[in-house]
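This report refers to the structure that appears directly beneath it.
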Amino acid sequence: GKFTSAIIPPRQRYDLRIQQDMALMHLGGMSTRTIELMSERFFGRRLSAQEVSEATATLHASVEAWRQRRLEARYKYLFLDGTFFAVRRGDVGREPVLVALGVEEDGTRVVLGFQSGDKESATSWNEFLGDLINRGLDPEGVQLGLMDGLAGLQRIFAQRFRRARVQRCQIHKSRNVLAKMPRRLQEEFRPMMTSTFYNEGLEQSKQAFSSLKAKYGRLCPDAVKCLEDDLDALLAFYAFPKIEWPSLRTTNPIERLNKEYKRRTNSMEIV
């Protein structure tokens, strides 16, 4: 005769909690192939790579709901950066992803969102920042945007957040400046540039830059101009509490976040 279970759906061969476990293992950084190889020991039956992929697909709805969530808190600082992931859209290719990290009034850091887009495109950044605002991010509450020298980003940020200052990453800028001068002069130049960035206050930093310019303005005009053009954006952090200066000089917080994404996704190979 025929039998139909009222408890177990047709063709279901394992408890749905195992599906959740597989999804969490994948989210933790394990590849579908690794989970397949270890599934027999974990669950008592070897699961196919297809079954593992279907289990991980259950995360998509939760991720999308998180990406579209309302941003209710007030964020005073925004860290902005782009990174690359291997993505399958028919073929596999590296695609840029825009990432925003917000800092609340009490110092709590929150990932506000990520979105596919060309990180060198002002249009992509404009759409991304517009989406954050549409989801509830208060542009009047943002006091500072921290970023490196991505094309068009600084201009778009200033348009979207008119009350906010821009802080350029000092590490990225240092590399750009040093690349414009002879290697034999870099050892003497670097401490003077460091004194421009790390000092007791804005006036002291500007005085340090004046000394640097007086000494190297003719020897390395391109390097000095590269530094001078963005000097105000490199020293914007001085307008904020001194205890926060170490965290506001560079984009290290969001780069560490992107590094953590890569640590998990590199083992997955494709997202």
- Item | Residue that is under 20 Å from Gln143 (Cβ atoms) and open to solvent by less than 70 Å² (accessible area, probe 1.4 Å), where the choices are Phe240, Phe189 | Phe240
- Note on the structure: Cβ pairs under 7 Å, 6+ apart or interchain, first in region 173-187 and over 23 Å from Gly149 (Cα atoms), second of a type outside the set (S, T, N, Q) and open to solvent by 30 Å² or more (accessible area, probe 1.4 Å), ordered by first then second residue, are Leu185/Leu219
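Out of region 152-163, which residues are free of Cβ contacts under 8 Å to residues at least 60 places away in the same chain and open to solvent by less than 60 Å² (accessible area, probe 1.4 Å)?
The initial filter retains those residues of region 152-163 that are free of Cβ contacts under 8 Å to residues at least 60 places away in the same chain, namely 152, 155-156, 158-160, 162-163.
Selection gives Gly152, Ile156, Ala158.
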- Message: Among the residues in region 64-72, are any of a type in the set (A, V, I, L, M), at pLDDT 80 or above and either out of contact with any Cys (no Cβ under 7 Å at 6 or more places or on another chain) or loosely packed, with under 14 Cβ neighbours inside 10 Å (or both)?
- Response: yes
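Does Gln19 meet the test of being out of contact with any Ser or Thr (no Cβ under 8 Å at 6 or more places or on another chain), modelled with pLDDT under 80, polar (S, T, N, Q) and farther than 30 Å from Trp125 by Cα?
no
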- Scanning region 1-51 for residues that are among the basic types (Lys, Arg) and either touching a residue at least 24 places away in the same chain (Cβ under 8 Å) or touching a strand residue (DSSP E or B) at 6+ places or on another chain (Cβ under 9 Å) (or both), the one surrounded by the fewest Cβ atoms within 10 Å (Cβ to Cβ) turns out to be Arg13
- Message: Every residue in region 192-219 that is more than 23 Å from Ala236 (Cα to Cα) and open to solvent by less than 20 Å² (accessible area, probe 1.4 Å), please.
- Response: Tyr216
- Note on the structure: Within region 84-138, the count of residues that are surrounded by fewer than 20 Cβ atoms within 10 Å (Cβ to Cβ), touching a strand residue (DSSP E or B) at 6+ places or on another chain (Cβ under 8 Å) and of a type in the set (S, T, N, Q) comes to 2
- Odd one out for Ser174 among (1) under 30 Å from Gly117 (Cα atoms); (2) assigned to a loop (DSSP other than H, G, I, E, B); (3) open to solvent by 10 Å² or more (accessible area, probe 1.4 Å): (2)
- Search result, residues across region 245-256 that are assigned to a helix (DSSP H, G or I) and touching a residue at least 24 places away in the same chain (Cβ under 8 Å): Leu248, Asn252, Pro253, Ile254, Glu255
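The values are calculated or read from the model by the stated rules, or taken from the named source; none is laboratory data. All figures in this text were calculated on a predicted structure; none of them were measured in a lab. Cβ coordinates were reconstructed from backbone atoms using ideal geometry, including for glycine residues, and neighbour counts include every protein chain displayed. Please note that ligands, DNA and RNA were not included when accessible areas were found on the heavy atoms of the full protein model with its side chains. Shrake-Rupley method; radii C 1.70, N 1.55, O 1.52, S 1.80 Å.
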